[in-house]
Amino acid sequence: MERTKEFRGISVRLARNYLENLGGTAVDDTTVEGDGWRADLSAEKVSIGPSLQLTEVTIAFEADEAFGEGRFEELIEDFSRKAMRAGG
């Protein structure tokens with residue numbers, strides 16, 4: 001199973017930390033592996049309007065079939081909640 005998601009306004013370091021909090025172990029600066037799953041992280045600056053730039057972190061989630069589709073979806077949802085940023 002594979003899924004790629006983008007998140008704006010967080011850093012690779014923070015995304016890696018969130019994935020570790022969800023049971024993963026950092027393999028290197030851009031890879032986190034858990035029991036039956038893996039996440040590869042990358043980042044780039046994206047323009048928002050004429051003068052504002054944000055960091056967009058892309059995470060390629062992968063999981064073994066044995067991990068289960070339900071657990072895979074739950075992992076991604078749990079990460080998404082941690083990465084959510086609300087304006088204020």
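The values are calculated or read from the model by the stated rules, or taken from the named source; none is laboratory data. Because the structure is predicted, anything quoted here is derived from the model rather than measured. In case anyone asks, the SASA skips ligands and DNA or RNA and just uses the protein heavy atoms, side chains included. Shrake-Rupley method; radii C 1.70, N 1.55, O 1.52, S 1.80 Å.
Points to keep in mind about this one:
- In order through the range 34-46: 3J(HN,Hα) via Karplus (6.51 cos²θ - 1.76 cosθ + 1.60), integer Hz, x for Gly, Pro: x, 6, x, 9, 8, 9, 10, 10, 8, 9, 8, 7, 10
- Here the relative contact order of the chain, from alpha carbon pairs under 8 Å that lie six or more residues apart, stands at 34 percent.
- Annotation: per residue accessible area for the chain equals 61 Å², rounded to a whole number [probe 1.4 Å, protein chains only].
- For the chain, modelled as a GNM whose springs connect Cα atoms under 10 angstrom apart, the maximal fluctuation among I48, I59, I76 occurs at I48.
- For A43, distant residues with modelled amide H under 5 Å away: T58
- Stretched out straight at 0.36 nm per residue, the stretch from E6 to R81 would grow longer than its current Cα-Cα span by 25.7 nm.
- In the distance distribution for the chain, Cα-Cα pairs more than 16 Å apart total 52 percent.
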